[in-house]
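Coordinate-derived values only; no laboratory data. In this text, all values refer to a predicted model and were calculated from it rather than measured experimentally. Quick reminder, even Gly has a Cβ in these numbers, built from the backbone with ideal geometry, and neighbours come from all protein chains shown.
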Amino acid sequence: MVATTTAAVTTAAVSARGVARSFGSVQAVANATLEVQPGTVTALIGPNGCGKTTLMLMLAGLLRPDAGEIRVAGADPRHDAAAVRDAIGWMPDQLGSWDNLTCLQTLTLMGRGFRLSTHEARERGAALLGTVHLAEFADRPTRVLSRGQKQRLSIARALMNDPAVLLMDEPANGLDPRSRVELRTLVRELAAEGKAVLVSSHVLAELDEMVDDAVFMSKGRTLGDEIAAKVADAKTRYRIGTLDDDLLRAVLTEGQIAFDDEPAGMVIRVGSEADAAQALAWLMSKNVPVHRFGPAGSALEQTYMTMEEERR
Amino acid sequence: MTVLDDTPAAAPAPGPAPASSRRPVKGNPWLPTLRGTLLVTQIELMRRRPTAKGWIFYGLLFAGIMAIGMFAAAQSDGSKNSMLLELVLVMVLGAGLLVAPSLSATSLNGDSSEGVLAPLQMTRLTAGDLAVGKLLASWLFALAVLLTTTPLLVYAFSRSGWHWDELLLVVAVILLVVLTATAVGLAWSALAARAVASVSLAHLTTGFLLLGTLLLFFFTQPLISVTVTETSRSFDWDQFTVEQEAAVDAWYMNGDVAAFDEVDVHDITCSVQDGGWEHGVARTERTAWLLLANPVVLIGESSPIVNYLTWDEDGRAAPGLFAEMHRAVSDARIGPSEEELQDSVSWDECADLVASVTGDYSAYEDNGWEQEQEANSVYPRAPWLGLGVQAALLLGSMWIVIARLRVPYKKLRQGTRVA
């Protein structure tokens with residue numbers, strides 16, 4: 001028991017096992033288990049009210065879990081909260097800012113809260129404002145910022161202490177398409193620096209290209225291996241669009257190839273991109289009029305939808 | 001449970017080393033630090049920096065106070081008067097008690113609903129830093145009110161007959177009372193979910209201390225009263241001889257005492273009438289502590305003693321508000337005298353007659369109330385109970401605030417989220 005705990009602590013930057021928390025009679029998180037390795041981005045996915053934010057608050061050391069074990073950068077938020085806070089950059093889902101203060105003042109004061117010297121904090125604040133493309137707002141009060149700009153300020157604020165772990169709660173909310181692409185690039189860069197990033201989001205297509213790993217949550221529980229298998233399965237699904245679906249059905253049946261007959265088109269499973277090329281060539285050789293052939297959409301989205309269906 | 005209390009593994013933390021001037025830490029410190037407290041105070045003051053309109057309003061207020069001061073100076077006849085100083089001090093207290101708790105009572109639940117509290121809790125600032133920093137920031141506004149009135153205060157002081165150390169003491173006590181009210185406001189802000197509720201509760205607490213203690217003192221008086229009976233003695237006409245009756249008649253009708261040359265006035269007999277008047281005398285010395293818990297009484301008990309008889313020779317102004325308050329409170333603390341608690345004869349017809357015949361009115365020349373007033377006015381001051389109440393409220397409130405600000409939260413305020 002102790003041996004496994006130690007192993008988990010030394011490998012993962014964030015680990016949670018069997019974490020639970022209730023508010024009065026409401027069980028917000030029933031049983032959550034996850035790990036985030038340094039240098040990777042992990043998505044936390046689930047419907048509204050499934051306990052994502054509560055789990056993030058417990059990981060950040062703001063809420064005390066009723067049960068379970070949490071380690072962040074090797075420290076337990078219950079006993080070594082200061083060390084955890086030093087290691088975490090937390091971007092909350094609620095956008096709050098000090099209305100009267102400028103963006104640079106906000107970041108400088110935040111940095112001083114992390115015991116940086118005033119000079120150091122201002123330098124770092126100015127650099128981060130550049131990173132999130134808010135440099136021109138450095139000396140404007142934060143009340144003039146739009147929702148998306150506040151979101152970006154919040155990201156800069158979370159990075160003030162150069163954290164080893166970054167927890168981002170709905171970071172893409174309210175961002176315009178360009179900012180989303182920039183956010184994706186920024187998150188990948190941060191992971192490349194060795195930071196462990198945990199992102200919760202509803203914009204699943206966005207996450208597909210950003211994350212290395214995904215944790216699904218439903219009704220306060222993280223879903224384990226069976227959902228991982230579903231993600232892996234979803235990644236092999238290729239959708240075929242043809243001018244003659246009956247012909248395709250006949251060809252596939254004749255070739256004894258399993259397929260899902262969906263309204264939007266047939267779906268087959270291929271092991272790799274090479275297999276896909278081979279499958280397409282074979283379909284062409286059978287004279288099937290294929291006009292579209294490709295992955296059947298976001299793997300995360302597909303998994304999410306199957307999970308949602310099970311929920312109902 | 002053993003799993004929950006499992007101590008963290010001793011293995012070194014992975015990941016990049018923290019930046020520059022920061023050192024790794026252990027535990028979950030909550031005590032306020034000087035550096036953190038000053039940072040929080042600075043943040044709060046920067047956030048509440050007055051706008052242009054705010055400065056204009058402040059300027060008008062300052063001009064108004066100056067005008068009152070100049071008006072008072074023009075009206076002055078040069079004699080000593082402590083009333084103006086006392087009014088300025090009461091004004092500073094009143095403004096402080098209104099402004100500072102209003103600010104502090106919105107500063108935790110308000111920040112929480114704006115979503116700017118949790119990001120600060122996620123820094124290295126401790127719960128104590130946040131609590132004390134916010135307390136100081138709100139309290140500094142009361143200090144600003146005091147500084148605004150300084151010119152008026154100095155002028156009023158110059159005519160008050162007070163000594164400067166006495167003024168400093170009273171000002172310090174006023175600032176303590178305001179600090180306590182600010183801390184109480186902050187505690188309500190940490191307990192109540194909504195700003196409206198915490199501001200109301202903060203002012204109700206102040207109101208209870210100011211008025212509630214007085215009301216309790218008066219409403220509990222029947223409980224501590226003893227009943228005394230006052231009776232009267234009148235002429236016993238049935239027992240009189242003919243000569244005695246004629247002599248008393250003559251005195252009665254036209255004040256003629258000549259007849260008492262023959263009749264010995266001391267032989268005239270009187271007797272107690274039936275019944276008498278029963279009434280309660282409150283033993284206020286048993287409940288006077290209620291008054292001492294009142295913050296305004298505390299300020300009276302911290303102000304200089306002014307003797308009601310000798311103030312002029314003592315180089316003092318005539319007794320003002322605070323001296324009068326001290327006298328009244330001392331009266332309650334001393335309570336009724338032994339004589340007042342015993343059944344007494346309020347009117348004796350025979351004694352009246354003897355006095356008018358012999359011309360000896362010494363028994364009627366009662367200047368007891370003047371002596372009592374002087375004794376009350378110089379009775380030792382009793383600020384300690386009031387100071388104790390203030391200190392207990394201050395420390396208790398800050399304890400609540402720090403306990404409620406410590407993360408990870410075990411319990412949340414009813415109807416709120418973490419933010």
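Couple of notes before you dig in:
- For the protein assembly as shown, the list of Cys residues with no other Cys C-beta under 4.7 Å reads A:Cys50, A:Cys103.
- Per DSSP, loop trypsin sites (Lys or Arg not before Pro) in segment B:23-72 with at most 13 further Cβ within 10 Å: B:Lys26
- Angstrom value of the Kirkwood radius, inverse mean 1/r, which spans all Cα pairs in segment B:21-165: 18.0
- Looking at segment A:205-304, the GluC sites (Glu not before Pro) that sit in a DSSP loop and have at most 14 other Cβ atoms within 10 Å of their own Cβ are A:Glu209.
- Using bins of 10 Å that start at zero, the share of Cα-Cα pairs per bin across the protein assembly as shown amounts to 3, 11, 16, 15, 13, 11, 9, 7, 5, 4, 3, 2, 1, 1, 0, 0, 0, in whole %.
- Stokes-Einstein D for segment A:2-223, Kirkwood Rh over Cα pairs, 20 °C, 1.002 mPa s (µm²/s): 121
- Relative frequency of Cα-Cα separations exceeding 19 Å in segment B:154-211, percent: 47
- Rounded to the nearest 10 degrees, the angle from helix A:225-236 to the longest Cα principal axis of chain A is 60 degrees.
- Exposure proxy for A:Cys103, B:Cys350: other Cβ atoms within 10 Å of each Cβ, ordered fewest to most, give B:Cys350, A:Cys103.
- Acute angle (nearest 10 degrees) that the helix A:103-113 long axis makes with the longest principal axis of chain A, alpha-carbon atoms: 70
- Most fluctuating residue given options A:Leu95, A:Leu167, A:Leu104, as computed from a GNM of chain A linking Cα atoms under 10 Å: A:Leu95
- Residue of B:Ala293, B:Ala142, B:Ala391 that the Gaussian network model of chain B assigns the largest fluctuation, springs spanning Cα pairs under 10 Å: B:Ala391
- Ranked by the mean number of other Cβ atoms within 10 Å per residue, highest first, peptides B:200-212, B:235-247, A:110-122, A:63-75 order as A:63-75, A:110-122, B:200-212, B:235-247.
- Cα radius of gyration and Dmax for segment A:236-311 (Å): 12.9, 42
- ³J(HN,Hα) computed for each position of segment A:160-166 - Karplus, 6.51 cos²θ - 1.76 cosθ + 1.60, integer Hz, glycine/proline x: 4, 9, 6, x, 7, 10, 10
- Of the residues A:Arg188, A:Arg124, A:Arg239, the one that moves most in a GNM of chain A with alpha-carbon contacts below 10 Å is A:Arg239.
- Debye intensity ratio I(q)/I(0), log10, segment A:78-160, q values 0.16, 0.21, 0.23, 0.25 Å⁻¹ (C-alpha model): -0.56, -0.92, -1.08, -1.24
- Note that segment B:142-260 carries a Kirkwood radius of 21.5 Å, evaluated over its alpha carbons pair by pair.
- Under conditions of 10 °C and 1.306 mPa s, segment B:290-419 yields 81 µm² s⁻¹ as its translational diffusion coefficient, taking Rh as the Kirkwood radius over Cα pairs in the Stokes-Einstein equation.
- Relative contact order (%) - chain A, alpha-carbon pairs under 8 angstrom, separation at least six: 21
- Helix B:83-104 vs. chain B, principal-axis angle (Cα, 0 to 90°, nearest 10): 40
- 3J(HN,Hα) couplings calculated from phi for segment B:106-117 with the Karplus curve 6.51 cos²θ - 1.76 cosθ + 1.60 (θ = phi - 60°) are, in sequence order, 10, 8, 9, 5, x, 4, 5, 6, 7, x, 10, 7 Hz; Gly and Pro show x.
- Taking chymotrypsin sites (Phe, Trp or Tyr not before Pro) across segment B:257-363, the ones in a DSSP loop with at most 13 further Cβ atoms lying within 10 angstrom of their Cβ are B:Tyr361.
- Segment A:183-266: mean projected area of Cα convex hull, nm²: 8.5
- For chain B: relative contact order, % (alpha-carbon pairs under 8 angstrom, 6 or more apart): 22
- Amide hydrogen proximity for B:Thr269: with H placed 1.01 Å from N in the peptide plane, the residues at 5 or more positions away or on another chain lying under 5 Å are B:Asp236.
- Residue-averaged beta-carbon neighbours from other chains (10 angstrom radius) around A:107-120: 5
- Relative contact order %, segment A:88-205, counting alpha carbon pairs below 8 Å whose residues are six or more apart: 32
- Long-range tail of P(r) for chain B (Cα pairs > 43 Å, %): 40
- Principal axes of segment A:33-123: Cα extent on each, largest first, Å: 40, 30, 27
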